[in-house]
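Step one of this worksheet: look at the structure below.
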Amino acid sequence: MKKNRTQTQRLIQFWITSLLFITLSLLISAWTASYSHSNHNREVRVNALVKLMNDQSARGVTLEQMEAWLPDLLEGLKADRFILLSGERELFRWQPRQYFERPSMHFRRQLDNGLTLKVALKRPQLLPTFSRSEWLVVGAGLMMALGMVLFGRRWLRGEMAGVELLALRARRINDGEYEAAGSPVRGERPLVVGRAMQKLHRQWRRERSAKLELDRQIRANASLDPELGLGNRLFFESRLASLAPDDQLSSHGLLCLLQFDGLEPLDSQSRLVLLQEFIDHCDPILMAHPDAVFARLEALQLGLVVPVLPLKEADALVARLHRSAGRLSLPGEVERDRLLHLGAAYFVQGESLEQALEEADQALRAAQLQGESGWFMYDKGAVDRELAQGSVRWRSLLEGAIRRGDFLPQFEDVVNAEGKVIAREMVSQIRDGQGTLLAASLYRPMARRCGLLPMIDRELLALALRQQREHGWPEPVTVNLPFESVIHPRFGKSIKMLLANYQARRSQLIIEVNERELVQYADQMIPTLRQWQKMGVQLSVDGVGYTVEGTHYIDDLSLHWLKLHPSLVHQIDRRPDSQLVVTSLRQVVSHHPIQVVAAGVQTEAERRCLLQLGVSALQGSVVATGRKAG
């Protein structure tokens, strides 16, 4: 804006200078013409006097006779001196009675009778003298001219201020604030350009909405069951596979298979009504588990995966799901006692995916063998001690880690297509009382239950900035924050204070939030994220593609990074549906300076396919150079 004002000032100064130059040129031209005209008038007077003298001499009028009227004629000509010579002898001399020396113009002419005439006339003044009334007229003209100049300056400044406002809006659009095109500012000039921007913005919004809806439809068609709106079998298998890189489950949790044998006598439409009613009853139960995956595997079979679920809560969750079936409004031909059989298996970290699926299937068969509607939990026997300990022990462990700052950071590289590291994502571990390392996937769900996530995330952010400064990395460091921390009022204030101590490192910090949480809590999260962004922090959204979400948040936030969920990346070279989702997402972000990162890349075939689809960066075992411990 300041630059535009400088240009306006220069334009106004040029305009005023041009007016002054034109006025001065006109004045000089008028003065030159007036001076030249005065000189010409004196020439004419002298020539007229010479002609009169020649005519009188030709008529025989003597010099003595001319002396009677010649002085009055010379007075009328306002001559300063008049001399008539015959050779060198002076025949007649005249000058006014009140004569004083002043600049004069001297003329010398030869008469027809051989005499020489010499006359001196007053020289024209460089600055003509005016009367009082004339000066008043001149002064009024100058004041009117000055008034017009000031009025023109004010008018031009107002018009240029409107141009500056329009230029400012155009600069915001060039900087990526496309919504500015639809937000006119009062006083913009020219109006036709502002209206054209609004018209283009409305058209762009329509096309943008259509593109976002197309992206959502592509995700939905690739991942959702068209009848119930749940995930389909492909969705379920891909999400389950993302929990088991290299076929080894990365965390503990619950796997359930729900078979509605009692609905077999019904037609397809009646089945859908009852299944939808059951899903509606389950939604409040599963809201406490945001990472849960609920899908339709077959016409009468549903699948549920709840990662990072404590063992003590698994039985309770299965029982609540089974009780939900008892609330259904069943028709007469359905036997309530045979309605639902539920088989569940509790898997642990390091267990093979195939084993977990087999145990869940065996549990379902055991439930069906019981005959009546019921559920069966596969008995695995001994379970890891960390999974069995209660929430009181977890709180004590986590509070001790916060108090001692006992968090061990590790960093995973994010590399571009050329293999150059462009960012690092920090993951953390803690030690329990016996010194055993506990991964973030194990302790963070318990920290969420204990309400300690904001305090832990504050320590992790400080740790990331400290590691960044100590190692002097030029690449930014990513820290993942859940919605509980982002919307926590004290957490926001503490982060502002923390960033004030690391002003030189603000632009090298990436705050990453989950896509599903961002969409669900957009009204609460976006204002805080914008404040952090104004302080120089980069923003990233991860978990993209894990669930079917709209991508309107891309327009609401000036994001720097989008990270694809590993379930979308898994075997993408053999899954056209996932390729279509990534291609659609690339089209959505094509007008934004956003880098799309693929997380969990495990094979060379996945890497090649992702790069061909236009993914900007990769993260995973196939591109990792090894984790760097802080």
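The values are calculated or read from the model by the stated rules, or taken from the named source; none is laboratory data. The shown structure was predicted, so the numbers you read here are calculated from the model rather than taken from an experiment. Note: ideal-geometry Cβ built from the backbone for every residue, glycine included; neighbour counts use all protein chains shown. Areas reflect the complete protein model, heavy atoms only, side chains present, ligands, DNA and RNA absent. Shrake-Rupley method; radii C 1.70, N 1.55, O 1.52, S 1.80 Å.
Numbers at a glance
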| item | result |
| --- | --- |
| Boolean, Gln524 is under 17 Å from Val414 (Cα atoms) and assigned to a helix (DSSP H, G or I) | no |
| Residues being over 15 Å from Leu115 (Cβ atoms) and either part of a helix (DSSP H, G or I) or within 60 Å of the chain's Cα centre (by Cα) (or both) - total across segment 47-64 | 2 |
| Residue in segment 105-117 that is in contact (Cβ under 8 Å) with a residue 12 or more places away in the chain, exposed (fewer than 11 other Cβ atoms within 10 Å of the Cβ) and part of a helix (DSSP H, G or I) present | no |
| Criterion: surrounded by fewer than 17 Cβ atoms within 10 Å (Cβ to Cβ) and farther than 26 Å from His289 by Cβ - qualifying residue of Arg505, Arg530 | Arg530 |
| Members of segment 89-104 that are part of a loop (DSSP other than H, G, I, E, B) and open to solvent by 60 Å² or more (accessible area, probe 1.4 Å) | Gln95, Arg97, Gln98, Tyr99, Phe100, Glu101, Arg102, Pro103 |
| Enumerated helices (runs of 4 or more DSSP H) restricted to segment 552-630, each holding at least 3 residues that are open to solvent by 50 Å² or more (accessible area, probe 1.4 Å) | 576-588, 604-612 |
| Residue in segment 355-368 that is within 49 Å of the chain's Cα centre (by Cα) and open to solvent by 10 Å² or more (accessible area, probe 1.4 Å) present | yes |
| Residue list for segment 411-438, filter: small (Gly, Ala, Ser) and either open to solvent by less than 30 Å² (accessible area, probe 1.4 Å) or touching a Lys or Arg at 6+ places or on another chain (Cβ under 8 Å) (or both) | Ala423, Ser428 |
| Index of the failed condition, Gln269 passing every other in (1) open to solvent by less than 30 Å² (accessible area, probe 1.4 Å); (2) farther than 21 Å from Asp361 by Cβ; (3) not in a loop (DSSP other than H, G, I, E, B) | (1) |
